[in-house]
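Asks: Structure in structure tokens, see below.
Where a number appears in this text, it was derived from the coordinates with a stated rule and is not lab data. The model shown is predicted, which means the values in this text are computed figures rather than measured ones. We place every Cβ from the backbone using ideal geometry, glycine too, and count neighbours over all the protein chains shown.
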Amino acid sequence: MVELTRERGVEAVVGDVQDLPFRDGIFDCVLAAWMLYHVPDLNQALRQIRRVLRPGGRLVATTNSERTMPELWEQFGSDGRPGSSFSAENAQGALLRHFTIVERRDVHGEVTFPDRRAARDYVASLVTKAHLADRLPFFDGPLRVSRHAVVFVCEP
Ligand SMILES: C[S@@+](CC[C@H](N)C(=O)[O-])C[C@H]1O[C@@H](n2cnc3c(N)ncnc32)[C@H](O)[C@@H]1O
């Protein structure tokens, strides 16, 4: 993504959100899309994001509900149980420790995996769930799953 962005003439750098390589107060907006649940120290990440926002700037953070794609995860029994350090269910409390206003917008949708192979490959692509991929039971035809994501818009 960084390389593609640079190819379009936009400055892009790789950095750890827990130690952002930017001056204080220089961004109008920080977008954290489906990534804060990977970060070991969430509070440090949110402190850093707030530090680089200018006064009146905003953080837009997206993540999933722990109950997203139930039709997929129930195929793995108790091993498919949800759990996330930054989800629709638990993110708001963490955000409110660092931001004064946290607005939440829920997004519901549906995904159709055309066949088992596509669903298996999706599971294999997930850092925290890849080990389950080959345990997906065999089935014929497409698998339709419901999605629930959330967008938080946060002001310091
Ligand atoms: C599920 S991907 C989401 C990618 C992209 N934002 C999107 O919405 O398609 C998770 C991203 O989090 C990034 N990530 C994980 N830990 C990070 C950290 N400590 N600092 C910055 N980025 C991190 C990974 O490099 C990866 O690009």
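Asks: Which one, N43, V111, S85, projects farthest toward the positive side of the charge dipole computed for the chain from Cβ point charges (K/R +1, D/E -1)?
Replies: Result: N43.
Asks: List the residues, sorted by chain then number, that are 5 or more residues from A32 or on another chain and whose placed amide H is less than 5 Å from its amide H.
Replies: Answer set, sorted by chain and number: V60, A61, T62.
Asks: Further question on the same structure: Please get the size of the charge dipole for the chain, origin at its Cα centre, with Cβ charges of +1 on Lys and Arg and -1 on Asp and Glu, quoted in debye to the nearest 20.
Replies: Result for the chain is approximately 260 debye, rounded to the nearest 20.
Asks: Counting each pair of different Cα atoms once, what's the Kirkwood radius of segment 69-156 in Å, rounded to one decimal?
Replies: With all distinct Cα pairs of segment 69-156 included, I get 14.8 Å.
Asks: Which distance in Å, rounded to a whole number, links the C-alpha centroids of segment 1-24 and segment 47-71?
Replies: Segment 1-24 and segment 47-71 have Cα centres separated by 18 Å.
Asks: Once phi is turned into ³J(HN,Hα) by the Karplus curve 6.51 cos²θ - 1.76 cosθ + 1.60 with θ = phi - 60°, what whole-Hz value does each residue of segment 17-28 show in order, with x for glycine and proline?
Replies: 4, 7, 8, 5, x, 9, 5, 5, x, 10, 10, 6
Asks: Would you mind estimating how fast segment 2-155 diffuses translationally, via Stokes-Einstein at 37 °C and 0.692 mPa s with the Kirkwood radius over Cα pairs, in µm²/s?
Replies: My calculation gives 189 µm²/s for D.
Asks: Return one number: the angle in degrees, 0 to 90 and rounded to the nearest 10, between the long axis of the Cα atoms of helix 42-52 and the longest principal axis of the Cα atoms of the chain.
Replies: That works out to roughly 40 degrees.
Asks: Once the Cβ-Cβ distance between D115 and V10 is put in as r, and R0 is 41 Å, what FRET efficiency do you end up with, to the nearest 0.05?
Replies: Efficiency for this residue pair is about 0.65.
Asks: Say the dipole of segment 2-155 comes from +1 at the beta carbon of Lys and Arg and -1 at that of Asp and Glu; which of V151, F22, H98 then lies farthest toward its positive end?
Replies: Positive-most Cα among the choices belongs to H98.
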